[in-house]
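Okay, structure first, notes after.
The values are calculated or read from the model by the stated rules, or taken from the named source; none is laboratory data. Values in this document were obtained by computation on a predicted structure and should not be read as measured data. Please note: Cβ atoms are built from the backbone with ideal geometry, for glycine as well, and neighbour counts cover all protein chains shown. Keep in mind that these areas ignore ligands, DNA and RNA; they rest on the heavy atoms of the full protein, side chains included. Shrake-Rupley method; radii C 1.70, N 1.55, O 1.52, S 1.80 Å.
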Amino acid sequence: MSTSLAGKPGDAPLGDLDEWDEFLEGRYKEGKTQEEFRVYDATATPSVAEFYRLNHEHQTLDYVLAKEKLYFSLQKGQKTIWEAAEFLNTLVDDSDPDTDLTQIEHLLQTSEAIRRDGHPRWMVLTGFIHDLGKCLCLYGEPQWGVVGDTFPVGCGWSKDIVFPEYFDKNPDRHRPELQSKYGIYEPNCGLEKLHMSFGHDGYIAEVMKPYLRDESLYMLRFHSFYPWHRHGAYDYLCNDKDRSMLEWVLKFNQYDLYSKAHTKPNLQELKPYYDELFAEFLPPTLAW
């Protein structure tokens, strides 16, 4: 049984999560000339604009802290990686005419592209698991609280966040202590000490924190932090570790954005490799 992404009115302005991926590729694809760069505004992309209106209005510090308390305690039960992927497989849009690929097949496309290029096995694993946190939609969270470019809460918003004008209605705008350059943080405190806007990135990083190396956890937690890794924003909150990890986040993002195709990976042929990969790095079941 599939789960519709329609949700309540206003909760899911995007047609489906593949529409989100198309937006990311159009906005961030490398090597485009200025003329080729797609302009995103409320007129050109009303569904994306509505998504960000909701995201920027509701992603307050208090909202993020509440969601971290709810989900980062990992009380959603024990699942294997395959069970988590099958769970995510129920998140499909039956009205989407453009692809019949399952979520598992999308995960395999990313990880297999990383594998083909000879990257370390831990990075192949990262490619497979990086979107599993989108199961938040199946827990009842709206899309604006699951996907989207991420940013720190609890300090002033960068102008490099997409659609920054929509922060005008965020209640944190009226809390002066949250509007300064550093807000609740210290200079060069490090990205790991920040409360990021809530979504699938931070959730899957928490699930994997006990098991994976820092390079992998940075890929998971910060791959949607485009203001930082694409525009150089918030460097004043970064430490030397963050700057050394940046190359890994950038290396990962090319696969996150551009590995999708309509050729289906052969799950039965690939499953033994991934069974071994999961067993190498992870316990049989994980807390979600």
Inset, instruction - May I ask you to verify whether Asp96 is under 16 Å from Cys137 (Cβ atoms) and either modelled with pLDDT under 85 or not in a helix (DSSP H, G or I) (or both)? - result: yes
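I'm trying to understand the selection: among the residues of the stretch 137-146, which are more than 26 Å from Asp235 (Cα to Cα) and open to solvent by less than 10 Å² (accessible area, probe 1.4 Å)? Before the answer, list the steps.
As a first pass, look at the stretch 137-146 and keep what is more than 26 Å from Asp235 (Cα to Cα): 137-143.
Of everything in the stretch 137-146, just one residue is more than 26 Å from Asp235 (Cα to Cα) and open to solvent by less than 10 Å² (accessible area, probe 1.4 Å), namely Gln143.
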Legend entry - Selection status of Tyr139, among the aromatic types (Phe, Trp, Tyr) and touching a Gly at 6+ places or on another chain (Cβ under 9 Å): no
Inset, instruction - Can you confirm whether the stretch 196-210 contains a residue that is out of contact with any Cys (no Cβ under 6 Å at 6 or more places or on another chain), in contact (Cβ under 8 Å) with a residue 40 or more places away in the chain and over 18 Å from Leu132 (Cβ atoms)? - result: yes
Inset, instruction - Search the stretch 108-136 for residues that are farther than 16 Å from Thr80 by Cβ and open to solvent by 20 Å² or more (accessible area, probe 1.4 Å) and pair each with any residue that is in a helix (DSSP H, G or I) and of a type in the set (A, V, I, L, M) when their beta-carbon atoms are under 7 Å apart and the residues are at least 6 apart or on different chains. - result: Arg115/Val124; Arg121/Leu277; Asp131/Leu107
Inset, instruction - Could you check how many residues of the stretch 102-149 are assigned to a loop (DSSP other than H, G, I, E, B) and small (Gly, Ala, Ser)? - result: 3
Legend entry - Identity of the residue in the stretch 165-175, farther than 19 Å from Tyr226 by Cβ and not in a loop (DSSP other than H, G, I, E, B), that ends up least open to solvent (accessible area, probe 1.4 Å): Asp172
Inset, instruction - Mind counting the residues in the stretch 147-164 that are surrounded by fewer than 18 Cβ atoms within 10 Å (Cβ to Cβ) and over 23 Å from Met219 (Cβ atoms)? - result: 3
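This table checks each residue for (1) modelled with pLDDT under 55; (2) under 26 Å from Met208 (Cα atoms).
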{"position": "Lys8", "(1), (2)": "yes, no"}
{"position": "Thr33", "(1), (2)": "yes, no"}
{"position": "Glu50", "(1), (2)": "no, no"}
{"position": "His56", "(1), (2)": "no, no"}
{"position": "Leu65", "(1), (2)": "no, yes"}
{"position": "Lys69", "(1), (2)": "no, yes"}
{"position": "Leu108", "(1), (2)": "no, yes"}
{"position": "Pro120", "(1), (2)": "no, yes"}
Inset, instruction - Could you look through the stretch 176-205, keep only residues that are surrounded by 15 or more Cβ atoms within 10 Å (Cβ to Cβ) and of a type in the set (D, E, K, R), and pick out the one that is nearest to Val162 (Cα to Cα)? - result: Asp201
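Taking Lys264, is it in contact (Cβ under 8 Å) with a residue 12 or more places away in the chain, open to solvent by 50 Å² or more (accessible area, probe 1.4 Å) and assigned to a loop (DSSP other than H, G, I, E, B)?
Working: in contact (Cβ under 8 Å) with a residue 12 or more places away in the chain: yes; open to solvent by 50 Å² or more (accessible area, probe 1.4 Å): yes; assigned to a loop (DSSP other than H, G, I, E, B): yes.
Yes, satisfied.
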Legend entry - Tyr28 being at pLDDT 80 or above and not charged (D, E, K, R): no
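Can you pull out the residues in the stretch 64-81 that are assigned to a helix (DSSP H, G or I), surrounded by fewer than 18 Cβ atoms within 10 Å (Cβ to Cβ) and in contact (Cβ under 8 Å) with a residue 12 or more places away in the chain?
Our first condition is that a residue be assigned to a helix (DSSP H, G or I); within the stretch 64-81, this holds for 64-71, 81.
Right, trim to surrounded by fewer than 18 Cβ atoms within 10 Å (Cβ to Cβ) and you get 65-66, 68-70.
Once the filter is applied, which keeps residues that are assigned to a helix (DSSP H, G or I), surrounded by fewer than 18 Cβ atoms within 10 Å (Cβ to Cβ) and in contact (Cβ under 8 Å) with a residue 12 or more places away in the chain, the stretch 64-81 yields Leu65, Glu68.
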Legend entry - Considering residues of the stretch 206-260 that are more than 17 Å from the chain's Cα centre (by Cα) and among the basic types (Lys, Arg) only, the residue least open to solvent (accessible area, probe 1.4 Å): Lys241
